[in-house]
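Here's the structure, in structure tokens; my notes come after.
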Amino acid sequence: MILIIGGAGQGKLDYVLRKTGYGPDQVAHTPEEAKQKPVFDGLEQWPHLDEGELLAANPEIILICDEVGCGVVPVDPAQRAWREAVGRLCCRLAARAGRVERVFCGLPMTLKGETSWN
Amino acid sequence: MLILVSGGSGSGKSEFAESLVTASGRKNRIYLATMRVWDAESARRVERHRQMRAGKGFATVECPAGLERRDVPEGAAVLLEDLSNLWANEYFSPEGGEGGFDRVLAGVEQVAARAGLLVVVTNELCSDGMDYDPATLAWLEGLAGLNRAIAAKADQVYEVVCGIPVAWKGERV
């Protein structure tokens, strides 16, 4: 599994599609779709994802997630809990990932994984 | 040795900061706790951190403000968690917060000079737009200034991303 993270609008999906040659129709937007498709975009919308189930069904998937924890802690408790849950999910996924990259202004930085991909 | 550890919410920065202290081999470990417990959520956060630290040999010392008046044992390994809480408690204090910036910075310098290792945990809070009320903006600017000042003095600076430490200064661990 590969984890791609970065702020909103940094070019994460573009980067993955360019790198892999996959098209938009090969990108999943729900955990159910993600069992069948090679790329899952918008992971931050699913903070309570059962990653064990997904990775059992699709161990080679490329996961794309917004980094959402780098602002002022929100006043709304639900927003706070969501940010926290997304952050913890990313920590767990990064620990299991063969590769983690962070995209910033369209530029990738490798955080984990030595070998090149695609 | 002064080490600054930053990161967003839920990034795993605390666990990494603790690992720096335990890996230092220093036996006298002090945890300077800055969070004021005032509701069930803050109580849960404190409890989560307590459980994370359990068995790692930390003595917890409450330090919600007044770090510059705090004495630490010489040569101890000290974990300050965290700078944004300490700065908020100083800045939004009922006494008006005058001089808070200098007090926090002086506190960090004094503890760093006396301790064998000081690890300061801070937060990356300035990457999500700056559409806030003037008081929050001024507090944010102060935090960013403290982060810069401490990073300039630090031997090592890390940003933790998804539990992975990214080295910005000093040796990569």
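Results, tabulated for the structure shown:
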read-out	value
Filter result for B:ASP39 (more than 16 Å from the chain's Cα centre (by Cα) and without any contact (Cβ under 8 Å) to a residue 12 or more places away in the chain)	yes
Considering residues of segment B:9-26 that are assigned to a loop (DSSP other than H, G, I, E, B) and in contact with a strand residue (DSSP E or B) (Cβ under 8 Å, 6 or more places away or on another chain) only, the residue farthest from the other protein chains (Cβ to nearest Cβ)	B:ARG26
Counted residues, segment A:56-81 - those being in contact with a helix residue (DSSP H, G or I) (Cβ under 7 Å, 6 or more places away or on another chain) and either open to solvent by less than 50 Å² (accessible area, probe 1.4 Å) or away from chain B (no Cβ under 13 Å) (or both)	11
Count - residues of segment A:82-110 that are within 9 Å of chain B (Cβ to nearest Cβ), open to solvent by less than 60 Å² (accessible area, probe 1.4 Å) and in contact (Cβ under 8 Å) with a residue 24 or more places away in the chain	9
From A:GLN79, A:GLN36, residue being farther than 26 Å from B:VAL5 by Cβ and not charged (D, E, K, R)	A:GLN36
Members of segment B:152-172 that are closer than 22 Å to A:ARG102 by Cα and either more than 12 Å from chain A (Cβ to nearest Cβ) or of a type outside the set (A, V, I, L, M) (or both)	B:GLN156, B:VAL157, B:TYR158, B:GLU159, B:CYS162, B:GLY163, B:PRO165, B:TRP168, B:LYS169, B:GLY170, B:GLU171, B:ARG172
Checking A:LYS37 against (1) out of contact with any Gly (no Cβ under 6 Å at 6 or more places or on another chain); (2) farther than 18 Å from A:MET1 by Cβ; (3) not hydrophobic (A, V, I, L, M, F, W, C), the condition it does not meet	(2)
Top-ranked residue of segment B:1-59 - restricted to ones that are touching a helix residue (DSSP H, G or I) at 6+ places or on another chain (Cβ under 9 Å) and of a type in the set (S, T, N, Q), ranked as farthest from B:SER127 (Cα to Cα)	B:THR34
Failed item, numbered, when A:PRO47 is tested on (1) over 30 Å from B:ALA88 (Cα atoms); (2) more than 8 Å from chain B (Cβ to nearest Cβ)	(1)
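The values are calculated or read from the model by the stated rules, or taken from the named source; none is laboratory data. All values derive from a computational prediction rather than experimental measurement. Please note: Cβ atoms are built from the backbone with ideal geometry, for glycine as well, and neighbour counts cover all protein chains shown. With ligands, DNA and RNA removed, areas are computed over all heavy atoms of the protein, side chains included. Shrake-Rupley method; radii C 1.70, N 1.55, O 1.52, S 1.80 Å.
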